[in-house]
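Since the structure comes first, as structure tokens, the remarks are kept for the end.
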Amino acid sequence: MTSLSFDKIKVRVTINTVITKGSDREQMTNEAFGMMYVNDETAVCTFVERNESGETETLVKVEANKATIQRSGALNMRQQFVMNEKTESFYLTPYGRLMMETKTKTLQFSWNKLKRVGLIHLSYDLWMQHEYTGRYDVTIQMEGVES
């Protein structure tokens with residue numbers, strides 16, 4: 001029998017993104033604090049990212065074989081990841097809505113309940129408005145912190 005209630009844990013989140021296009025490689029790392037909600041079937045991580053554009057609320061939901069990243073605030077987008085499939089999503093800018101296509105290559109999630117640490121790893125190819133923008137490797141590490 002699966003548990004429908006969620007464990008709720010305050011976490012430190014480290015987001016590491018590597019974008020590769022041809023011989024070009026760009027790497028970014030951000031840190032934030034947020035909440036992790038975990039049960040036997042689903043994991044949800046929420047956090048607020050701050051940068052020069054302002055604040056962006058991010059929600060990452062992982063279920064069997066799929067993940068969703070939803071962002072709102074300074075940046076607005078919803079991106080769906082399904083293993084070995086190409087999915088369509090959008091990126092909202094002040095100038096209009098841009099279509100994104102994502103081909104997911106890797107989707108991994110792990111959570112150690114006792115140590116209160118976890119990892120989400122996504123690797124995908126991305127097209128914006130039908131133009132290839134590169135291979136994205138995103139690693140999100142969650143580490144439980146005391147309230």
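The values are calculated or read from the model by the stated rules, or taken from the named source; none is laboratory data. For clarity, every value in this text was computed on a predicted model and none was experimentally measured. Cβ atoms come from the backbone with ideal geometry, glycine included; neighbour counts cover every protein chain shown. Please note that ligands, DNA and RNA were not included when accessible areas were found on the heavy atoms of the full protein model with its side chains. Shrake-Rupley method; radii C 1.70, N 1.55, O 1.52, S 1.80 Å.
For this structure, a couple of remarks:
- Inside the range 17-39, residues that are within 18 Å of Gly144 (Cα to Cα) and either open to solvent by 20 Å² or more (accessible area, probe 1.4 Å) or acidic (Asp, Glu) (or both) make up a count of 6.
- When Val38 is tested against (1) over 20 Å from Asn16 (Cβ atoms); (2) modelled with pLDDT of 95 or more, exactly one condition is not met: (2).
- For first residues located in the range 54-83 and closer than 14 Å to Lys103 by Cα, partners that are small (Gly, Ala, Ser) and lie 6+ apart or on another chain with Cβ distances below 6 Å form the pairs Gln79/Ser89; Gln80/Ser89; Phe81/Ala67.
- Subset of the range 128-147 (residues that are open to solvent by 40 Å² or more (accessible area, probe 1.4 Å), in a loop (DSSP other than H, G, I, E, B) and touching a residue at least 60 places away in the same chain (Cβ under 8 Å)): Glu146, Ser147
- Of the residues making up the range 112-127, those that are among the aliphatic types (A, V, I, L, M) and open to solvent by less than 40 Å² (accessible area, probe 1.4 Å) number 3.
- Enumerated strands (runs of 3 or more DSSP E) restricted to the range 52-93, each holding at least 3 residues that are open to solvent by 60 Å² or more (accessible area, probe 1.4 Å) and farther than 15 Å from Tyr124 by Cβ: 54-63
- Of all residues making up the range 40-51, the number that are surrounded by fewer than 16 Cβ atoms within 10 Å (Cβ to Cβ) and closer than 15 Å to Ile15 by Cα: 3
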